[in-house]
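Everything below concerns the one structure shown next.
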Number of protein chains: 2
Amino acid sequence: MSQGAWLYELGQQLRVDAVRAADAAGSGHPTSSMSAADLMAVLAARHLRYDFDDPHSPENDHLVFSKGHASPLLYALYKACGAVSDTELLSYRRRGSRLEGHPTPRLPWVEVATGSLGQGLPVGVGMALAGMHLDRLPYRVWVLCGDSELTEGSVWEAMEYAGDSGLGNLTAILDINRLGQRGPTRHGWDLDAYQRRAAAFGWNTIEIDGHDTAAIDDAYAQAEASPERPTAIIARTVKGAGASAVANQEGAHGKPLSDAEAAIAELGGVRDNRVTVTRPEAGHQPHSFPEGRLELPSYDTGSQTATRSAFGEAVTALGHARGDVVVLDGEVADSTRAQYFAKAHPERFFECYIAEQQMVAAAVGMQVRGWVPYAATFAAFFSRAYDFIRMAAISRANIKLVGSHAGVAIGQDGPSQMGLEDIAALRAVHGSVVLHPCDGNSTARLTAAMADHHGITYLRTMRADTPVLYGPDETFEIGGSKLPRSSDADQATVVSAGTTVHEALRAADILEREGIPLRVVDAYSIKPVDAATLRRAAADTGRIVVAEDHWPEGGLGDAVLDVFADTRPSPRLMKLAVSSMPASATPDEQLAEARIDAESIAEAVRAMVRQEEGASV
Amino acid sequence: MSQGAWLYELGQQLRVDAVRAADAAGSGHPTSSMSAADLMAVLAARHLRYDFDDPHSPENDHLVFSKGHASPLLYALYKACGAVSDTELLSYRRRGSRLEGHPTPRLPWVEVATGSLGQGLPVGVGMALAGMHLDRLPYRVWVLCGDSELTEGSVWEAMEYAGDSGLGNLTAILDINRLGQRGPTRHGWDLDAYQRRAAAFGWNTIEIDGHDTAAIDDAYAQAEASPERPTAIIARTVKGAGASAVANQEGAHGKPLSDAEAAIAELGGVRDNRVTVTRPEAGHQPHSFPEGRLELPSYDTGSQTATRSAFGEAVTALGHARGDVVVLDGEVADSTRAQYFAKAHPERFFECYIAEQQMVAAAVGMQVRGWVPYAATFAAFFSRAYDFIRMAAISRANIKLVGSHAGVAIGQDGPSQMGLEDIAALRAVHGSVVLHPCDGNSTARLTAAMADHHGITYLRTMRADTPVLYGPDETFEIGGSKLPRSSDADQATVVSAGTTVHEALRAADILEREGIPLRVVDAYSIKPVDAATLRRAAADTGRIVVAEDHWPEGGLGDAVLDVFADTRPSPRLMKLAVSSMPASATPDEQLAEARIDAESIAEAVRAMVRQEEGASV
């Protein structure tokens, strides 16, 4: 059989298997799979360098299905490569099957979850950056994109980063099948529209017929021969290609073919061809950076430092100790203090400019290769990347997010710059850890602890200097807390974090003079929260005030309430949080206005104590 | 004085006043203001059509400072226009001042808050769409963008929408001052880099020296003469222009000048020139669409319908009744059922394609002009636009968000498509309303109620058909709830919403047979939640199980816990929520797996009842 005929056969097989998988499942996206079948057949047979027996080999290429709904095609490809059986293929979308509706890393060959569109290319940029600047290995990154998803701004963040960085190891395969979910895409088959855009962003562009296997083969070869620029292969394809009942038809998105049998017959019937994917050339070792002893910064108790600065200094120290730590910035490194790392470890610092989606996506891409990325911007601006963080959880990704400028305490800049919903958002990410230390030494320790914890870990830092409460040798751990003030006589407990720890301590001073001893919990680990310490405080003092520099919903207050949901007797509990829209004011004015300052905390405690005294009269 | 000399003088005055404002405040961004001073001077003096005495005039042009940190320039401009006094200018960033660190609608001439970069242009697209397709008025939209923010993908979503839609009434003024916060921007003064990108996206482009008032004047005239394409004026400027100590210097971002006096002297000293902004040509009336009687769809109790379909039918009915209702789609209208509206009211339907940031931004832009936008996509995908929703709250915007495909109940598609953090995220938006009805009639009523409520209102709908519980004449209101099952003998209460209402009712059937009468609260209004009904249920039954198709953090469970934070005696409370990462499975399998199905709810109630019986022995 000629190569062309064999590739055609393989493409047809992939289509048949995509149709069969969706048919067996009773749902799925066969037509979106069929348009890209030839593109994937040629890639697997002729250009991909991958060892299915060793999916974690550092030398492997990376294949990302940014159009994750084309999962039937991906799984059909895995079958053709001998990685999954026909039986498993037909378990698609069933409970317990690894072949989920959209790809996830439950399959060893899937490195990142996709299914929220426009994410695969930015993640691929992260992989390509890792290949070029971290691993320094010749692996290539191939990203299959749909045309509908090219409307997502995140795709253009990726186009900009890749084009500007000259990521010649990255190829975007644009499956221009003209039809979205609802109807025609904006540009239909106007390949030039995509070509102009990608070229303007500095990409090498190639327009082809996406069903012409020779043209596809040639395009991949051109991409491989373009070491200095990423390549966009703009492929004109037909949605549902090969099955006349659905080919190029509106209304055929996201459902099995009504007559699968007829389509399979038209596609030439079931086949079981095998493609041998070429293994990567052996003998390359990933680059590694020098490692040393961890010497975290330490701060004298009683001195002042900003937690953001402590993060910057700690992550820099961590960079000296660990070669796998990298830092990504959203063009605010001078504010987040990621700048310190940039100066010490320029080779492991990535300036993503103001593109938070790309920043988080790049972190996800890099952790695929075992790098430990810290991505830092203002706490408020992680809201820009929330979908990427959500998807990172489905990817089981190991990323560290650091949000500075928490809360109203930033002062004059006003609400657009204040992280006030970040705890709620990050708590509601599956498996996440949320940390919010109040001083330099705790921040330094937790910055280091994050590196040792696998998963999505969020560190919230503050703009202003705050007093150093803890000595440099105290321990801080995920799930822990501290009691900077406590006695057996405590009549109430204030649960606090970050800025409000210091306000709570001042409240304790005020109340001490009034004969009301107060316990202060520094709940620096908001998720998981230290339930044991909270329960003990409740049992000891019976009254709890939670004070936080955050909206009332979903933050520390709710985390504490959750601990006592089913506790009997439950403590009396009051939440102090930011409940009206802030404007500009000094930090102290802001805290007072929001009623989370020392005086407001003291007043809340007084009211609680008085109310019960009144009730008991 | 020649026109050129007068415009130069005005530009210098704006610089002086920006420097003075930041100096008085002790913070702010004077250098970012100075680069754009001439651009704004020429705009105000020669091209803007605006009535400062009637900021809500439908005929006014719209000016958006997408680079919101250049607020000193905006306020200096307001002073030059006679809108604010010099005294108020110098109140910049002080507590109580309307002149916040970043512009907000506390000032009557500011229509949307900015300060999170890359949002002004997408919002401006919404305003321009309103002008062209809704109001049908000749007003123009002018958006001042910084160069740093052009890295945000949302800018390219806007570029794509505007270019493709031929929004000739939109002008983006790109202030290319070469320097970002941290250092040089990606493209520096390579104006062609921006030109290529904007042109590729279908824009008319003009490159100018942004300090040449004649060139600026000519560029605006060209923009006005381009009715069929939006115009990008790409202006080479100098950050800190006019003050040699900071001009074109790194490290001078976001702080007052160290020697303001010297800079003011260099800029020619304090002036008090007034510019008379031309009022818009009078006599135009905004277009209005026909209005009729509201005839909401109604569903027979006992029949089945999907809440997403009820939304689609209700918003379509609302469109017949109210001419101000518009719908925006993220290319999933067939799934969200916004499609029904598209068919009935094509002139008020806006296909934003898969660009959720642009979709929400367009809604924000349209509501500025009094339109009542419903923006619909999958619940999960509002996470993509979370920063825009956060900023919409600061804009005091009146937008309706509708998220379909809530929770694990969607079944086979898997976690990437499941809204599982949407309630947490939307609750943590200041002033928001979060609704999650369980049947057709409640959804229809609440869809209509949303239109009457000013603010950010979120409706969460479900994919699957569910039984119609309520008659079409029952009332549903924001802050309300229903008791589909209740008696004086109830031993426990299940608080539920959406899918879990139906599971709770089935649990009640199971438990009734076991002699445990159960109350079921349909908490369709999650924020505000119906605290009175919950308190009554707690007092009556003492035991509460909250069941929700959402992560455990920040959802209905936390809203219920919050009600009982300070209640004595507090009820025993257990939260059932999705606590492990779902995969593909049928909807029923998913609910069982997540332990939020009827059997799991019944078991939780049983355990609670048993535990106390055991304890009381």
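The values are calculated or read from the model by the stated rules, or taken from the named source; none is laboratory data. Source: prediction; values computed, not measured. Reconstructed Cβ throughout: ideal geometry from the backbone, glycine too, with neighbour counts over all protein chains shown. Note: accessible area is taken over every heavy atom of the protein model, side chains too, but ligands, DNA and RNA are not part of it. Shrake-Rupley method; radii C 1.70, N 1.55, O 1.52, S 1.80 Å.
Taking only protein heavy atoms into account and a 1.4 Å probe, give the accessible area per residue of segment A:482-616 in Å².
Numbers: 4640 Å² over 135 residues.
For segment A:482-616, the per-residue accessible area is 34 Å².
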Original post:
Going highest first, how would you order A:36-43, B:391-398 by mean Cβ packing within 10 Å?
Top reply: A:36-43, B:391-398
Subject >> Per residue, in Å², the accessible surface of segment A:3-266 once ligands and nucleic acids are set aside, probe 1.4 Å >> reply: 27
Subject >> Peptides B:368-379, B:442-453 ordered by average Cβ neighbours within 10 Å, highest first >> reply: B:368-379, B:442-453
**OP:** Between A:Asp300 and A:Arg610, with labels modelled 7 Å along Cα→Cβ, what's the label distance in nm to one decimal, could you check?
**Re:** 4.2
**OP:** At 37 °C and 0.692 mPa s, grab the translational diffusion coefficient of segment B:482-616 from Stokes-Einstein with a Kirkwood Rh over Cα pairs, rounded to a whole number in µm² per second.
**Re:** 224
Original post:
So what is the relative contact order for segment B:38-169, in percent, with contacts set as C-alpha pairs under 8 Å and at least six apart?
Top reply: 27
**OP:** Pop out the carbon and sulfur fraction of the accessible area of the protein assembly as shown as a percent, whole number, probe 1.4 Å.
**Re:** 46
**OP:** Treating the angle as unsigned and between 0 and 90°, give the value, to the nearest 10°, between the Cα long axis of helix B:213-224 and the longest Cα principal axis of chain B.
**Re:** 50
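What does the highest-first list of B:603-612, A:147-156 look like by mean Cβ count within 10 Å?
On the way: B:603-612: 17.5, A:147-156: 29.7.
Per-residue Cβ counts within 10 Å, averaged per peptide and sorted highest first, yield A:147-156, B:603-612.
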Original post:
Restricting to segment A:482-616, what percent of DSSP beta bridges are antiparallel, rounded to 5?
Top reply: 15
Original post:
Taking Cα atoms, how many degrees apart are the long axis of helix B:356-368 and the longest axis of chain B, rounded to 10 and kept between 0 and 90?
Top reply: 70
Original post:
Any idea how far apart B:Arg513 and A:Val270 come out in nm if each label point goes 7 Å out from Cα toward Cβ?
Top reply: 4.1
**OP:** May I ask you to work out the translational diffusion coefficient for the protein assembly as shown at 25 °C, viscosity 0.890 mPa s, via Stokes-Einstein with Rh from the Kirkwood sum over Cα pairs, reported in whole µm²/s?
**Re:** 79
Original post:
For A:Ala532, which inter-copy label distances result when the label point lies 7 Å beyond Cα on the Cα-to-Cβ vector, reported in nm to one decimal and in ascending order?
Top reply: 4.5
Subject >> Inter-centroid distance (Cα atoms) of segment A:357-406 relative to segment A:223-295, Å >> reply: 26
**OP:** Using the 7 Å Cα-to-Cβ label point, sort the distances from B:Glu9 to its equivalents in the other copies shortest first and give them in nm to one decimal.
**Re:** 8.6
Original post:
Other chains' Cβ within 10 Å of A:575-587 residues: what's the mean?
Top reply: 5
Original post:
If you line up the long axis of helix A:440-452 against the longest principal axis of chain A, both from Cα atoms, how many degrees apart are they, to the nearest 10?
Top reply: 30
**OP:** Just the number, please: buried accessible area between B and A, total of both chains, 1.4 angstrom probe, nearest 100 square angstrom.
**Re:** 8800
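Report the equivalent ellipsoid semi-axes for segment B:3-266 in whole Å, largest first, defined as the square roots of five times the eigenvalues of the gyration tensor built from alpha carbon atoms. All intermediate terms of the calculation are to be shown ahead of the outcome.
Working: eigenvalues 141, 88, 55 Å².
Working through the eigenvalues yields semi-axes of 27, 21, 17 Å.
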Original post:
Under a no-solvent Debye model with one identical scatterer per Cα of segment A:211-352, what's log10 I(q)/I(0) at q = 0.13, 0.15, 0.22 Å⁻¹?
Top reply: -0.83, -0.91, -1.31
Original post:
Starting at 0 and stepping by 10 Å, how many percent of the alpha carbon pairs of chain A end up in each bin?
Top reply: 3, 17, 24, 20, 15, 12, 7, 2, 0, 0
Original post:
Per residue of A:385-393, how many C-beta atoms from partner chains lie within 10 Å of its own C-beta, taken as a mean?
Top reply: 6
Original post:
Looking at segment A:419-451, which residues lose a minimum of 10 Å² of accessible area between their chain alone and all protein chains in place, measuring with a 1.4 Å probe and not counting ligands or nucleic acids?
Top reply: A:Glu421, A:Ala424, A:Ala425, A:Arg427, A:Ala428, A:His430
Original post:
How far, in whole Å, is the nearest Cβ of chain A from the axis relating it by rotation to chain B, and which residue carries it?
Top reply: A:Gly153, 1
Original post:
Percent of alpha carbon pairs in segment B:91-183 separated by more than 18 Å?
Top reply: 52
Original post:
Where nothing but the Cβ of Lys and Arg (+1) and of Asp and Glu (-1) is charged, how large is the charge dipole of segment A:1-114 around its Cα centre, in debye to the nearest 20?
Top reply: 420
**OP:** Any chance you could check the Cα centroid distance between segment B:497-530 and segment A:173-201 for me, in angstrom?
**Re:** 48
Subject >> Nm distances between copies for A:Pro184, ranked from closest, using label points 7 Å along Cα→Cβ >> reply: 4.5
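Take every residue in peptide B:331-337, count the Cβ atoms of other chains within 10 Å of its Cβ, and give the average of those counts. Display every interim value, and only then the final one.
Numbers: counts 10, 3, 3, 6, 4, 1, 0.
Going residue by residue through B:331-337 and averaging, the value is 4.
May I ask which of A:Lys482/A:Lys575; A:Lys343/B:Lys239; A:Lys239/B:Lys343 have a Cα-Cα span longer than 29 Å here?
Numbers: A:Lys482/A:Lys575 19 Å; A:Lys343/B:Lys239 25 Å; A:Lys239/B:Lys343 25 Å.
Long pairs (Cα-Cα over 29 Å): none in the table.
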Subject >> chain B: relative contact order in percent, alpha carbon pairs under 8 Å with at least 6 residues between >> reply: 12
